[in-house]
Every structure is written in structure tokens, then in C-alpha cells.
Amino acid sequence: MIIYRLATRDDNQQLLELTALSGMQGEISLRIDRKPNFFDLLEMRGKSNVFVALDEGVIIGSLSASLQEVYVGGTIYPLHYIGDFKVAENYQNRGVGLQLCNELANHAVPAGADLAFLNVSKGNSKPFSFFKDRPSIPDFENIGLFIVTQFPGKKNTIAHPIYKVEAAKPGGELLRFFNLHYSQYQLGPVITLEKLSKTSNFIVRDNNGIVAAMSLTDNMHCKQNVVTRLSFKMKYLLKVLTVIGRNFSLSPLPILHQPVKMLYIRFLAVNNHDRELTRLLVNFARNIAYEKSYSFASIGLHEKDPLNVCFRGFLKLSFKSVGMLVTIKNNKELIDTARQGIPFEDYSLV
């Protein structure tokens, strides 16, 4: 008999094992390991609950919800980030996923939850079936594509005739700059001192203060992307990049069945989406990636984000995922605001 309950820390090993059996298929197939502690990444996302399904004491399914504070229309709202939706292969198509969603709904609705967000790889529509046609809960709505761009680390001489990149302490000035920027996004994160204290922060100034800022983070201590399969096209592309890398000082590229060393551009804020400043900071991140032997500096942005245009001409790999949003209280105005603006999602925590 399958039972359902909230996970505890004692479930760590079984959750790690379930995660290792799951993966994302595509031209580059990945699995995301969560060693050594499954719950560490959840703590970074926010206050979290993990719902698990067990058969004779063995965890065969999971689903998590993490509470975050985000901006919608410039106002702060609580949002539940839905993740870690996994069902062991032998138990798929047996109602386990549906019941996990029921467990989540039975917990969230009485608690007054409203906004909830999830994302899935483009082309993977199966998860949507679990979140539609539910009694008293509106369907999740598509709010567009998010593009995860991975720039190979590259040795650069970071120089600009006017601007200079400098390290910054996570103080009030940087907090104000980031929050002013992300309050203009939909689902933009409320930046706190705690979040910035766990990142490496860099700024660019002019006479009036900060004009651009970037936060970098390495989450290898709690999340490892492992390449499990490469399409013929990607194998060829990586071989070409390896040859190019020998001549143009690029970082070592991923190796099958080994974790990809990834440096995340967690936050990137640039006044007026200035192209020169954006490229200066991204090249700065790529140089750090090269110096510290990361394969990539990675950032996730919505398809409507003007910063995407600044990346034209850069050597990069891109992946796409679909953002899905629901308001349990059927507040259509919130959904419309999110859809009409530029949504944001922190892909360092996905």
C-alpha cells in the first residue's frame, strides 16, 4: 500500500537516490544530483515542504513547495515554487503523481496560498497533466519561455575606457539597487542581505553611484548537473569547441557522467539594460569561470528580457524551459500582470 506524508531529514538518503534515478532528456541529457544533503538547496529556495510517496517504506515519489517573496506589479507577494516532482519509473502511470499534487493542494489551500510557479523543460508536457482540471483550483497558465544560457569560461582581459568592475560588500546600497531593478520584473525576487551574503558581488559605478551589479554563486555543494547522454549533434559541437578552446583559452568542457562545474550568474542588474555594461560583467564572469576551471558561467532569463539581446555574438549553449503560473484564488489580474511584463526565475536554485 502506498502512503503519503511530509518528508523529514531522515529521508535524505532515499531522496538522493530517487533524484539520481531522474533526469531531463534532450540534446544534452542531464540528471541533477543533490549530494550530500537533499534539503540544502530547498533551504536556499525558502521555507519548504517535501511531500513523499512510500511503498513498504521505500520512497517512490516526491514533490516540494518552497515559499518565496517576489514582486508582481511592484508589490511584494508570497509565491510557492513547485519543484522536485519525481516518480520512480516502476510507479509511473499509477496515480502517484496525481496524489502527490493532492497532498500539496490539501496542505497549501487551507493555509491561504495563492501564487504558485513551476517550470519544466521545453517539450516535456507530461507534468502539466497533473496540474490541470483540479477541483476548485484554476489551471496553471503558460507565461512564456525561459532561456538558460551557458557561456564557456574564457580568459579575458577585463578593461574598459570608462568603467571598472569592482568587488562589493552586500550592504544597503547594493540591496537598494538590486531591489529597484527586480521590482520592475514579474516574480522578481526580493533581494535580502542573507541572499547576497552567500554570493560574490560585483558592481560598476559612475559619478552618481552603482549603474550595474552582478552576483555569482557556486552551488556545487548542494546541486550537481551530471551529463548522462549527448546527441550526435552535441558531441560534434563539443568536439569543435574543444578544438577552439585550445586556441582561444576556453574552459574545459563537460565530460559524460561527471558533474559539470557551473558558475551561476544569480542576479544581474544593469541600468537601462546597457549593452556595454552587460557584456563587461558577463565577460568578467566568464574570466572568473576560466580562472577557477568552471566549464560555464550560466544565467537564466525570460525570452522577453532585453538583456538577451546583449549576448548576441557570444559563444554559448542555450536551453529552454516553460514557466507555468497559477493563482489559487483565481486572481486573473495577477496572472495578466505577470504575463504582460517580464517574468524572472532564479535558475541557480532550479
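Just a few scattered comments:
- Number of residues in region 46-75 that are over 16 Å from LEU325 (Cβ atoms) and assigned to a strand (DSSP E or B): the value is 16.
- Subset of region 80-111 that is at pLDDT 90 or above, under 20 Å from PHE39 (Cα atoms) and among the small types (Gly, Ala, Ser) - its residue that is surrounded by the fewest Cβ atoms within 10 Å (Cβ to Cβ): ALA88
- Of the residues in region 334-348, not one is modelled with pLDDT under 95 and under 18 Å from LYS155 (Cα atoms).
Yes or no, residue by residue, for (1) β-branched (Val, Ile, Thr); (2) surrounded by fewer than 24 Cβ atoms within 10 Å (Cβ to Cβ); (3) part of a helix (DSSP H, G or I):
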| position | (1), (2), (3) |
| --- | --- |
| PRO254 | no, yes, no |
| HIS257 | no, yes, no |
| LEU263 | no, no, no |
| ASN272 | no, yes, yes |
| ALA289 | no, no, yes |
| ALA297 | no, no, no |
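- Annotation for region 8-25: at least one member residue is outside any helix (DSSP H, G or I), closer than 25 Å to GLN150 by Cβ and hydroxyl-bearing (Ser, Thr, Tyr).
- Pair list, Cβ < 7 Å and 6+ apart or interchain, from region 1-16 residues that are charged (D, E, K, R) to residues that are modelled with pLDDT of 95 or more and surrounded by 10 or more Cβ atoms within 10 Å (Cβ to Cβ): ARG5/VAL52; ARG9/PHE39; ASP11/VAL52; ASP11/ILE59
- If the condition is being in a helix (DSSP H, G or I) and surrounded by fewer than 20 Cβ atoms within 10 Å (Cβ to Cβ), then region 308-333 contributes ASN308, VAL309, PHE311, LYS332, GLU333.
- Selection status of LYS198, of a type outside the set (A, V, I, L, M), surrounded by fewer than 16 Cβ atoms within 10 Å (Cβ to Cβ) and over 30 Å from LYS35 (Cβ atoms): no
- Check on LYS316, assigned by TED's automatic domain parsing to the domain that holds GLY83, at pLDDT below 95 and among the basic types (Lys, Arg): no
- Checking each residue in region 1-34 for being among the basic types (Lys, Arg) and either within 23 Å of ALA105 (Cβ to Cβ) or modelled with pLDDT of 95 or more (or both) picks out ARG5, ARG9, ARG34.
- Filter result (crowded, with 18+ Cβ neighbours inside 10 Å and more than 30 Å from GLU276 (Cα to Cα)) within region 207-223: CYS222, LYS223
- LYS86 vs. criteria basic (Lys, Arg), in a strand (DSSP E or B), in contact with a helix residue (DSSP H, G or I) (Cβ under 7 Å, 6 or more places away or on another chain) and over 23 Å from GLU141 (Cβ atoms): yes
Yes/no per residue for (1) within 21 Å of PRO138 (Cα to Cα); (2) touching a helix residue (DSSP H, G or I) at 6+ places or on another chain (Cβ under 8 Å); (3) without any contact (Cβ under 8 Å) to a residue 40 or more places away in the chain:
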{"residue": "LEU21", "(1), (2), (3)": "no, yes, no"}
{"residue": "PHE38", "(1), (2), (3)": "no, yes, yes"}
{"residue": "GLY46", "(1), (2), (3)": "no, no, yes"}
{"residue": "SER64", "(1), (2), (3)": "yes, yes, yes"}
{"residue": "LEU67", "(1), (2), (3)": "yes, no, yes"}
{"residue": "GLY95", "(1), (2), (3)": "yes, no, yes"}
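The values are calculated or read from the model by the stated rules, or taken from the named source; none is laboratory data. All figures in this text were calculated on a predicted structure; none of them were measured in a lab. Here the Cβ is made from the backbone with ideal geometry for all residues, glycine too, and neighbour counts use every protein chain on show.
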